[in-house]
Structures are given as C-alpha cells and as structure tokens.
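J.: Quick one: the structure is below, questions incoming.
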Amino acid sequence: IELLPRTELGVLPLEYFSNNSVFVCCRYVMERRWFEQWKEFVENGDQNSSSFPGQIDNSELFEDLDSYHLKERLVENEDFVLVPAEAWHKLLAWYGIVDGQPPLERKVVDLPSTLKVEVYPVEIFLCLHSNMENVITAQFSRADTIREFVSSIQRAMCQGFSVPPGSECRLWMKSSDSSCERLRNVHMSVLDACLSSGMTVIMETRNADGTWPSSRPQIMRNSVEDQDSYRGQPGVCGLTNLGNTCFMNSALQCLSNTPPLTEYFLRSSYLEELNFTNPLGMKGEIAEAYADVIKQMWSGRHYSVVPRVFKTKVGHFASQFLGYQQHDSQELLSFLLDGLHEDLNRVKNKEYIELRDAEGRPDQEVAEEAWRNHRRRNDSVIVDTFHGLFKSTLVCPECHKVSVTFDPFCYLSVPLPVSKERVMEVFFVSLDPYAKPVQHRVVVPKAGKVSDLCSALSEMTNVPPSQMVVADVFNHRFYKIYNADESLSCILDRDDIFVYELSVQKEEQEEHVLLALYLRERSHYRDYGSGSSSYGTSLFGHPLLLSVPRSSCSHEELYNLFLQRLARVTDTSSGPAAEQTQQPCETTEEENEEDKQEEACSPSPPANEQPAKRRACRKRRKTLFTIQAVNSNGTTERGVGEGGTQPYVAIDWDPEMKKRFYNENEAEKYMKHSSMEVPQQQTTVQLQECIELFTTVETLEEENPWYCPVCKKHQLATKKLDLWSLPEVLIIHLKRFSYTKFTREKLDSIVEFPLRDLDFSGCLLRKNRSREEPPSRYDLIAVSNHYGGLRDGHYTSYARNKDNGQWYYFDDSKVTYASEDQIVTNAAYVLFYHRQDKLRKPTLPSPITSPASSTEPASDITSCNDDDAELGATSYLTMETD
C-alpha cells in the first residue's frame, strides 16, 4: 500500500466533502473480491505473483451482462467497496476494466446527520397520459432537484415519445395504489419529494386550445372513485412495499394493532402534545407522519396504504434507513418508539438529575426514586404504554463491591439458547476418478477448526483426515485453500466447500507437490491485447487438487495423470488420446514451457542432460489438451515455481476437442450422501426459558467493562438483570440473530409462546404487590415475523384487530384471515403482549362467524376489485422475494 499516496488510497481531504466544494462528491462501486486481491497484491506481490488482480471486474455485481443492472441487496464490504474518484481513476489507468463494463459512479447524498453514498439511484418509469402502455425508464439521483428532474424527463420524453420540444407540460407522480400527486415544488430534491424507485411519472401536455387533457389522468380518476366507494373493517389494511420495506410494514402493522397507542392517535390526542422544541426529537414530523398512516389504515376506506411520506421522514431523521435496502424490523421499531416518545414528550425542559447508587437502601425505595426521576424527564404516551423497570446488579470480582441500579426499558431483548454445534454441507471428491462428487451434511463445533470438519467427514468416508484438503470453490477457481488449523468461522453457509482426497497423507507431502488444477477453454482468437502470444481462455468446470510426486512432474507424466483423473468425464477410447505419431523434432514455444515446468517440479537433472537433448528424444503426439502453469486466478501464465508456494496448473482445451471428448453433463453430476436425506431436527424452546436466560448472571465482555468506584479501575464484573415492574404493553424481542467471535447466524428454533395468560408473576423480583398494582398476566396481540437468513429475507406480521377480535396475517399490501394455530412459528421475531386488566372486549362480531361476512373471501381480504393497485405492485415496484 506504500506504492500509493494517501489520497490515492481513498482518504480524501475534508474539503472534498464541503457543500461549497467545487469538486463533485462521488464514489465508485467496486467488487469486493477484486479489491481485496488488489490489496494483497500491493502488500505482498509483484506482477508475477498469484495475487495479481488483473483487469477490474465487477461481473459479480450485475444481474446480467446485457443490461448491467446491479443485483438487489448488495451489502457494502461483503459484496462491494466504495472508493473515491481519484483512487478509481488511478486503478482504472493501471489495470483497465473488463470490456463493456460501465464504471459504477455514484453520488454522495448530503443528509442532515451524515453523508451517504447512493449505491442504488432512483429508477423511474415514464409514460404519457395518452399512452400509458408505452413506458421508458430513467435513473436520477436523490440529490437532484425537481427542476433538474423535470428537465431530464422532458428531454427523455422528447426522445422517446416524439413530444415536440418546448411543449408545456406537467407531471403526475403515480403510486402503486393508483393515487397520484402533482409535482409542483421544483426547488425540493428528489429525496424530499418522496420519489423512489419503481414509481411511475405521467406527463401530459397542454392542448392547442389552452386546456389540459385532464385534471388527473383518467386511469387515476377511476381507481380513486373505487377507493372512495370501498368500505372495509378499520385496521384491516395492507401497506404497499416500496422496495425492501417489508421490515417497516411489519413493525407498523404491529404498532397499528396496539390499542392504547392507536386510539391515542385516532382521537387526535397527539396534536396537543407535539413537542417542537425538543432537541432530541424530530420537530413533531415523525409523530405527524405516523398519525397520517394510522388514520388512513383505520379509516376503512383503503385496501392498502402507501407509507411513502412516512418512509421518507424515517430516512431523513435516521440515515441508516435511507434508501431501499433490507433492514431489521426490531431496529425500526426501536427508532420509531424513541422518535414518537421525543416528539410527544410532555416535558419541554429536561432538568439535570444526578443518579444515585442504591448504597444498601431497600429495593422498593430505590425503584420508586428511579421511576420518579425517569418520569421527570420522560413523560409521553410511549412511556405510559411501553416502559417498565428492571433491576441491574453488578458485582466486582476483585473487591466484591455490589452496585444496584433500576433502569427503564421499552422492550425486552431475550436471548435464545444457542447450540454449540453447526451443520455444514460439503462436497467430497474421491481419489477414484470414476466416482462422482458426494454431497455430505456434517455436524461440527461452531468454534472448531478445519481439521474438525475433516474428522467429521472421515467418519462418513473412511478416508483419514490427514489425506484431506479443504477448499472454497468460486467461479471455477479456488477462492481459498484452507489450512487444517484455520477456524471454521471463516467458512460461510453460502460458500461452496469441496474436500479433496489426497493420495498421500499430509505428513508425507515433502516428496509430493499439492497441485491445483484448473480447466480452461481456448478462444478462437489470439489475445494480442494482453501482450501474450497465447490464445485467450475461459475457465469452466470444477477445479481439482492433486498430490503429485516431485519425481513425476514431466509433461508426459502430468498429462497422463490429469487424463486419468478426468476419466469419468473424458472419452479416451478413441481419438487423439489413442494416437501416437512420430514427428520431426523442432523447438516450439509450447515445448520450451514444458521444459520449464519439468525443471520447476522435478529434482535437479543430471548435468550432462540438457533440455535440447531431451527434446530431441521426445515423441510428439496429438493431445486432448495442453498444460499451462498459471496463477491462482487461472489467468496469468507463469512458471510453476514462481510467485508463491502453491503451484497452479491449467489444462487448455481446444473448443472442438472439448466438444467431442469432454462430457459437460457428466461433469456436473454428483451424489447425495444419506446424511443429506435425514431431516434436520427443529429445535423447540419455551418462551419462559428465554426469559430465564435473560435474568441469568453473566460476566461482562472485555469490550464492555464496568468501572468499579472502589478499585478505581475497569473490571469484568458479573451482571444480573431482574424484572421489577412491567408496562401495559410488553414487547419481547427474540434475539434470533446471533453474533459471536466465531459465528454469525440466524437461530431458527421454534419458540413456544402462549397466546393467552402469559404469567410473569414468577419472574418479577417484587413478590408482594399492593391491591392497587396491576396483575402480571398478558395476552398476545401481535407478532412480527422474519423469514430467511442473515443477509436477506422477508417480514410479515400477525395481529389481532381490537374491534372484532379477529386475527389477520399482514404480508405487505395483502391481508388474509388467520387462525390462532398458525401464529406460533419459527419465524416469530418480535412479540406484542397486552396486559389483561387493560384489554377490552371486541365491540364487533368476528367476521369469520358473522353471516354478514360471508360475501368476503376468506383467503384474501384486501385484493377484491383492486386491479390498479395490483398492477402497480407487480409492474412498477421492485419487490423483494421471500
């Protein structure tokens, strides 16, 4: 990295980020694997090293190589990195970029609290009011003003639809539920105008007589009338997915079906309590945006509501939610509850209160003092509804000082019991050349090493672990070849792991070379651009790892060995492999390379034996493939002994030879071991176990020590949490996403939780309650679900309507009836419980049992006669998949 000045490595001067800077603040998106290999090359390598990155290649970031659209849900530092413009131009000048690939330049959007790179620009669909079937697309930055946006649209319309230049026009923003709004304020940005990807903008031009074709496009007027005539159950309303916003929809549906909070907003009580001066708040904007969503959902006039303004407000005040990547429903819920609290805080001027330790005082006295102090600074409907109190006890391991405090909480994040084992799926490649690869499912320690994986696989294959080598195969090449003592945490579940059987044990490897073998197909043209006289090549098939005796590294011996290993997929019964022809000897470039390989792999030849003499004795024959020493990428040609201890070799096939003698269908076949057929057991735990685990004594981690006032230093104290008092509505967050030093995973255990009579009397530290204090029994009212894994997934929710007592399943804009036996699943993520003394009986009969509801479809409540909304959801919005 010393090869580059500091600014060229990606650290730009601060003035580059200034609003007054003359520089355009932008970044370039680069594929992470290429970037990491470049870093390794700069640190350790030279032009011939195995880490030489080659041309910049962003292929893995694109959905296809025709449109060059970015894949959805790409994650920074996992799939891509962002580099400053100066660094990009240097890298581009030094290495070039794969032909046809566009540079991925992205603007930096200036937000109130941060600067954020706009990886996914806004992609808008454009059409004319007179021909809404003909649609074109255009991309814009969220930092563009509406004036710039309108100018760009007019240019695109003139080109795409032959609209006369200079025509007077106006634009309508069409939503997926078929509502539309005029784009009037030309000074605001695309971001502030709530324009997002997947939206349609309709342009109409003024008629010759000076009139407009419509005050609204006709298609809009019809669907709005349909909405006006719709009458449904208040609260039974979907939320349109704006693009990866299912996490937000799930959290909103749960809060919408929390009776005390919803009734507070429906009564408009919030108007009198909006706090516009709270420096910790959002000037009342979050509360007002949330109120708009709730009032629409509970009006009974909508099949589905588009929460676009709310989403924009959330992104404006919490930049982590800006854009349209997937997020966590619990994190959104945490932000929203805190934001609503600060926007509605009845305390206008917060006084400073010095917190006191218990110092031996009775718990009751300390708890009452802590709650009074909390309410002196925090008094809102959120505190009234969701806040409770727990006792925190810290004990110093050295002086045994005991510190007791009582702290408020808004929700309980309870851990799930975590297994110490992990299930991995790997492919075993036998030494038998006729055996297909076999997929195995093995159980290994989560904190284990690669050697533990080999040992577990050895029990199924009867191959000693010392004769195994483990590799990560990616894009027809070895992304990494693992050592036995490396941690299994380096291997992700999505990696393609191959385990190869070796002919000798690792301790006997001194007289052998571990050879990595790639398969390449020649192109029909010479690659003059690279400066090499060889033909262009492309990798195919699965690579191999072989243990080769150092004494058997001649070209002919390697050829026969490779041919033997490929026996299952290569037809050698006839053709060039069986032909042997004597030809006059002459020195060729290929033979020179063969001599280099023999010298690199073999022991020192006798002094009196020269390469020219060996060539004179060589019989030349037509072969299926030629052998070429390469680097770890399978691209740069080099000698076997150059640029690293691990030798890589490629066998290059002529296209005609490959077509005639290589069986690609057979090469892709594999077997499944019986371990793959055994269904994985579903772990089941009780909610009570999670709560008990929450209150278990634990030792603080090194990253979060406690300062002991007696020892006068930080200590790894023991900590215990106990529940003291519970709120009216108790939110329980099941910590399914586990992050440790060794693993990152999602826990799919089924947590058995009761729908009624969840009793916390045995969990509360305070056993003697007065008659005035509420009971501690709760009924379930809502569940936020998460389906999928760590990087992607889909959120939905179950909720019980407060008016008719019926359970519903909310999946974005779609709402269906639900039965109680459907609610407990391994997808349950956040639970909402309402204390029984505050529950009120439904005022309406259940629609399932009511005769009046027989005309409604039980399978889908919100889809009737919603053709336009359905069209918008499928045609104009980029929706995530489960």
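The values are calculated or read from the model by the stated rules, or taken from the named source; none is laboratory data. Predicted, not measured: the structure shown is a model, and the values here were computed from it. Cβ sites come from the backbone with ideal geometry, for glycine too, and all protein chains shown count toward neighbours. Quick note on the areas: whole protein, heavy atoms, side chains included, nothing else; ligands and nucleic acids left out. Shrake-Rupley method; radii C 1.70, N 1.55, O 1.52, S 1.80 Å.
J.: Out of all DSSP beta bridges in the stretch 26-117, what portion is antiparallel? Express it as a percent rounded to 5.
T.: 85
J.: What is the percent carbon and sulfur in the accessible area of the stretch 643-760, measuring with a 1.4 Å probe over the protein chains and ignoring ligands?
T.: Solvent-exposed carbon and sulfur of the stretch 643-760 make up 47 percent of the total.
J.: Met460 versus Leu755, label points 7 Å from Cα toward the beta carbon: distance in nm?
T.: 4.0
J.: For Arg346, tell me the accessible area in Å² from a 1.4 Å probe, rounded to the nearest 10.
T.: 80
J.: Sticking with this structure for a sec: Calculate, in nm to one decimal, what Lys39 and Asp792 gain on full extension: separation in residues at 0.36 nm each, minus their alpha carbon distance.
T.: Stretched out fully, the Lys39 to Asp792 stretch lengthens by 268.3 nm.
J.: Going highest first, how would you order 156-162, 545-551, 791-797 by mean Cβ packing within 10 Å?
T.: 791-797, 545-551, 156-162
J.: Roll a 1.4 Å probe over the protein heavy atoms and report the accessible area of Tyr28 in Å², nearest 10.
T.: In the full protein context, Tyr28 sits at about 20 Å².
J.: Provide the gained length on full extension for the span Lys420 to Glu511, in nm with one decimal, where the gain is 0.36 nm per separating residue minus the Cα-Cα distance. Walk me through the intermediate numbers first.
T.: On the way: separation 91, 0.36 × 91 = 32.76 nm, distance 3.92 nm.
Net length gain for the segment: 28.8 nm.
J.: Got a sec? What order do Ser152, Ser403 fall in by accessible area at 1.4 Å, biggest, i.e. largest, first?
T.: Details: Ser152 35, Ser403 15 Å².
If we order Ser152, Ser403 from most to least accessible, we get Ser152, Ser403.
J.: For Glu421, what accessible surface area do you get with a 1.4 Å probe? Give it in Å², rounded to 10.
T.: Looks like 110 Å² after rounding.
J.: Any chance you could run the full-extension gain for Glu698 through Glu263? It's 0.36 nm times the residue separation minus the Cα-Cα distance, nm to one decimal.
T.: 152.6 nm
J.: Hey, what did the stretch 382-515 get for relative contact order, percent, Cα under 8 Å, at least 6 apart?
T.: 20
J.: Follow-up question, since we're still on this one. I want to check the label-to-label distance for Asn131 and Gln822. Put each point 7 Å from Cα in the C-beta direction and report it in nm to one decimal.
T.: Modelled inter-label distance: 4.4 nm.
J.: Sticking with this one: Using a Förster radius of 60 Å, what is the FRET efficiency between Asp837 and Lys480 based on their Cβ-Cβ separation? Nearest 0.05, please.
T.: Using R0 = 60 Å, I get an efficiency of 0.55.
J.: Oh, and also: Going from most exposed to least, what order do Trp38, Trp94 have by accessible area with a 1.4 Å probe?
T.: Values: Trp38 10, Trp94 130 Å².
Largest to smallest exposure gives the sequence Trp94, Trp38.
J.: How far is it, in nm, from the label point at Ala447 to the one at Cys399 when both lie 7 Å from their Cα along the line to the Cβ?
T.: For the pair Ala447/Cys399, the computed spacing is 3.1 nm.
J.: Based on the mean of other Cβ atoms within 10 Å per residue, sort peptides 836-844, 348-356, 242-250 so the most packed one is first.
T.: Result, highest mean Cβ count within 10 Å first: 242-250, 836-844, 348-356.
J.: Let me ask you something else. Taking the Kirkwood radius as the inverse of the mean 1/r across Cα pairs, report the Rg/Rh of the stretch 26-117.
T.: On the way: Rg = 14.0 Å, Rh = 14.2 Å.
Dividing the radius of gyration by the Kirkwood radius yields 0.99.
J.: A further question on this structure: Take the stretch 232-367, compute every pairwise Cα distance, and split them into 10 Å bins from 0; I just need the percent in each bin.
T.: All Cα pairs, binned at 10 Å, distribute as 11, 37, 29, 14, 7, 1 percent.
J.: Arrange the residues Lys436, Lys283 by how much accessible surface each exposes, largest first, with a 1.4 angstrom probe.
T.: Lys283, Lys436
J.: Let me ask something additional. Given a 1.4 Å probe, how much area per residue of the stretch 645-759 is accessible, in Å²?
T.: 58
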